[in-house]
Structures are given as structure tokens and as C-alpha cells.
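Since the structure comes first, as C-alpha cells, the remarks are kept for the end.
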Amino acid sequence: MIRKIGWVVMTVLAMMIAAYAMAVLGVPAMRPPFLQQRFLTLPLAAFLHLFGSAIALAIGPFQLNSRLRNRFIDVHRWMGRTYVIAVLCGGTAALVLAPVSQEGLPTHVGFGMLATLWLIATGTAYRRIRAGDRVSHRRWMIRSYALTFAAVTLRIYLPLSLAFGLPFGPAYQTIAWLCWVPNLVVAEWIILRQRATASIVEPALSPAIPIR
């Protein structure tokens, strides 16, 4: 039950931020000043980052749902391909945008690391499934989506920092790391739990070996 509630909350938050990104793309008046500047100076990178990230954010929860995956395997595969392409577009564009992010070097490095690891995790997940290693593929997809979900956690921490009256500059520099590092920690915790469960289940399912 708790797992189901967590998935629903994650999905709703992801859909809300994905819809916001699409709205910002379609309605220029909704863009904050810094984003308007990015569309003036780096329009292709700004578009690809928002569009690719929104698609990946919206697709991810359904790819991680085992019931949907097992019931609609062909849909899962096509959505997976779409997810990889979306991350490739969004992550590559993020690498272009990171050096011009607000508040200097800490944000440049923070967002640059996020983009780099996002591309690596997703690429590794794709290579693992191409090699037929489903277990490793799922683990890398968990890591990949944890990084995709930084789009959500970023937009949780920013309003909270403003609500607590924190100076924007230092807060944004911290959030450039805080939006994704804890996500990866949670992802690794989930993976470790799955490994522990598998190690308990597998011996119980193994046939008894006769003693000679």
C-alpha cells in the first residue's frame, strides 16, 4: 500500500512539472526572465532541454511500474526507446546550458554533473537491456529516473528556500546539488532493498539438491 501511494505521488508530481514545462514552451509569457534570456541566446538548447526533460519525466513512472511493464511489454519497449531519446536530447542540451546557469561556478558544476550522470545512467540502462541483462537494466533505470526527477525536487526546494527567506544566490547554489544527490541516495537504497529481497527469495525458489 505504501509503495503504491509513493508511486502515485511521484507520478502526480512528475506530470505536474512535465505539464508546466510544456506550458512554458507553448506560452512564452510564462517564462521567467532568466529563461527568456536562454531562449534568446541558446534557443535550441533551451527548447530541447525543456521538451526532452518533460517527456522523460512523464514517461518514467510508467516504465518503473512492474505491473504495467509485464502487462504491456511492447508498449514498455517503445516508451523506453522514447525515454532514451528524450534524455539524450534533454541531457545534451543541459550540458550546453550548465555553463551559463545562474549564480556561478557551483551551479555550473552541479548542473553539469547532473546532466553527465543522467546521460551515463540512461545510456548504461539501454546497453544493459540490449545485452539481455534485465536486472541490471532495471537498476540503471531507477538511477536514471532518480536524476530525471531532479526537475521535480528542484521546484520543491526553490519555493521552500524562498518561504524561509534564504538569500537566492547561496540557496540556488546549494539546490543545484541538493536537487539530485539525495535522489541518487534514495535510488541506491531502493536497489539495495531489491537485492536483499532477491537474495531471500531465490534460495526459497531453488530446487533442493540431493545429498549423495
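The values are calculated or read from the model by the stated rules, or taken from the named source; none is laboratory data. The model shown is predicted, which means the values in this text are computed figures rather than measured ones. Heads up: the accessible areas ignore ligands, DNA and RNA and are worked out on the full protein's heavy atoms, side chains in. Shrake-Rupley method; radii C 1.70, N 1.55, O 1.52, S 1.80 Å.
Points worth noting:
- Computed from backbone phi with θ = phi - 60° and the Karplus coefficients 6.51, -1.76 and 1.60, the 3J(HN,Hα) list for segment 164-169 is 8, x, 6, x, 4, x Hz; x is used for glycine and proline.
- With N as its number of residues, segment 61-212 has a Cα radius of gyration that, divided by 2.2 N^0.38 Å, comes to 1.29.
- Counted over segment 145-190 with a bin width of 10 Å, the fraction of Cα pairs per bin, in whole percents, is 29, 48, 20, 2.
- Principal-axis analysis of the Cα atoms of the chain puts helix 73-97 at an angle of about 40° to the longest axis.
- Over segment 91-154 - Rg/Rh using Cα atoms and the Kirkwood inverse-distance radius: 1.08
- Gaussian network model of the chain, Cα within-10 Å springs - most flexible of TRP177, TRP78, TRP140: TRP78
- Over all pairs of different C-alpha atoms in segment 1-140, the reciprocal of the mean inverse distance, the Kirkwood hydrodynamic radius, equals 16.2 Å.
- In sequence order, calculated HN-Hα J values of segment 106-114 (Karplus, 6.51, -1.76, 1.60; Hz; x Gly/Pro): x, 6, 4, 6, x, 6, x, 5, 4
- Kirkwood Rh (inverse of mean 1/r, distinct Cα pairs), segment 22-86, angstrom: 13.3 Å
- For the chain, the carbon plus sulfur part of the accessible surface works out to 71%, probe radius 1.4 Å.
- Between the helical axis of 181-205 and the longest alpha-carbon principal axis of the chain there is an angle of about 10 degrees.
- Rounded to whole Å, sorted largest first: equivalent-ellipsoid semi-axes of segment 1-50, Cα gyration tensor: 30, 10, 8
- Gaussian network model of the chain, Cα within-10 Å springs - most flexible of GLY104, GLY165, GLY123: GLY165
- Per residue solvent-accessible surface (Å²) - the chain, probe of 1.4 Å: 60 Å²
- Working note: Karplus 6.51/-1.76/1.60 with θ = phi - 60° gives segment 65-71 the couplings 7, 5, 5, 5, 4, 6, 7 Hz, where Gly and Pro are set to x.
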